[in-house]
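Worksheet: one structure, shown below.
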Amino acid sequence: MVVKRRNKSKITFLIHCNHNMDIKTVIFIGPQGSGKGTQIEKLKAVLESRDRRRVVDIQTGRRFRALAATQETFAEDKIATTLGTGVLQPDFMVTVLWGKAMMDQLDDKSHLLIDGFPRTVGQIPDLEDAFKFFERGGVSIINLETPEEVVRARMESRARADDTSDSIEERLRWYREDTLPVIAYYRNHADVTVHDIDGTASIDEVHAQIVAALNIV
């Protein structure tokens with residue numbers, strides 16, 4: 001009887017692990033306050049529950065905040081000084097952060113979830129090179145469409161130290177000027193699918209839209 005129970009458990013496990021699921025490469029784009037981090041965590045949990053392959057989650061904003069909290073080097077001190085102003089961090093530093101994370105964690109079989117890059121069109125070529133190196137195709141963009149008045153109110157209410165009035169307006173400005181062209185670029189990219197998601201819906205409703213868009217069953 002013990003053997004039968006073990007076999008049944010193994011069969012049940014294999015049924016719940018979707019070996020036919022495509023490897024996911026998903027870039028989350030949206031203004032700050034649109035819920036990208038929350039939605040990445042929810043999507044990661046779904047992927048981990050339905051597939052045995054690893055899920056690599058790279059969020060550069062979180063990594064910059066960790067560096068700012070350390071303040072042991074010139075770079076970390078400067079990041080801490082500029083992070084509260086809302087200005088974009090330099091392209092080379094963004095690339096260093098996600099590049100190291102990929103080198104340390106990514107392979108050609110893991111799912112990949114990205115937030116925080118590319119934030120400018122100029123950051124796209126390095127990312128495309130990385131995708132080629134790691135043999136990744138079929139990229140999905142989750143475009144969390146959320147009006148400025150909604151994300152402004154969300155950022156004002158979440159009480160994060162770097163969410164000052166000036167920094168919020170600066171981040172909204174560079175999102176309009178620098179990041180929206182990234183979405184326009186990807187709409188014309190043959191190997192990329194842009195999924196427009198209503199970011200004003202509830203957290204669970206947004207999650208349901210994303211799961212449906214990515215055809216995760």
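Since every read-out is calculated from the coordinates, none of them should be taken as a lab result. Everything quoted here is computed from the prediction, not taken from an experiment. Cβ sites come from the backbone with ideal geometry, for glycine too, and all protein chains shown count toward neighbours.
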In cubic angstrom, how much convex hull volume per residue do the alpha carbon atoms of the range 39-129 span?
115 Å³
Expressed as a whole number of Å, what is the distance separating the alpha-carbon centroids of the range 53-70 and the range 84-109?
8 Å
Pairs of alpha-carbon atoms within less than 8 angstrom and 6+ residues apart define the contacts here; what relative contact order does the range 22-213 have, in percent?
34 percent
Here, trypsin sites (Lys or Arg not before Pro) of the range 78-157 satisfying both criteria (DSSP loop; at most 13 other Cβ within 10 Å) are Lys109
Given the options Pro90, Val46, Pro181, identify the residue whose Cα lies farthest towards the positive end of the charge dipole of the range 22-213 (+1 on Cβ of Lys, Arg; -1 on Cβ of Asp, Glu).
Val46
With angles folded into 0 to 90 degrees, how steeply does helix 60-70 sit against the dominant principal axis of the chain? Use alpha carbons for both and round to 10.
60 degrees
So, with points 7 Å from each Cα along the Cβ direction, the Asp191-Ala161 label distance in nm works out to 4.1 nm
Specify the angular offset, from 0 to 90 degrees and rounded to the nearest 10, of the alpha carbon long axis of helix 203-213 from the longest principal axis of the alpha carbons in the chain.
60 degrees
Of Lys42/Lys109; Lys42/Lys78; Lys36/Lys132, pairs whose Cα-Cα distance is over 23 Å:
Lys42/Lys78; Lys36/Lys132
If I compute Cα Rg over 2.2 N^0.38 Å from the structure I just sent, which labelled value in [x] 0.98; [y] 1.48; [z] 1.11 lines up?
[z]
Rounded to the nearest 0.05, what FRET efficiency is calculated for Lys109 and Val211 with R0 set to 30 Å and r the Cβ-Cβ distance?
0.90
Over the chain, the sum of -39500 (n - 2.57) across DSSP H runs of at least four, divided by residue number and rounded to 500 deg cm²/dmol, gives at 222 nm -16500 deg cm²/dmol
Relative to the Cα centre, what is the charge dipole magnitude of the range 22-213, using +1 at the beta carbon of each Lys and Arg, -1 at the beta carbon of each Asp and Glu, and rounding to the nearest 20 debye?
420 debye
Degrees between helix 74-83 axis and first principal axis of the chain (Cα, 0 to 90, nearest 10):
80 degrees
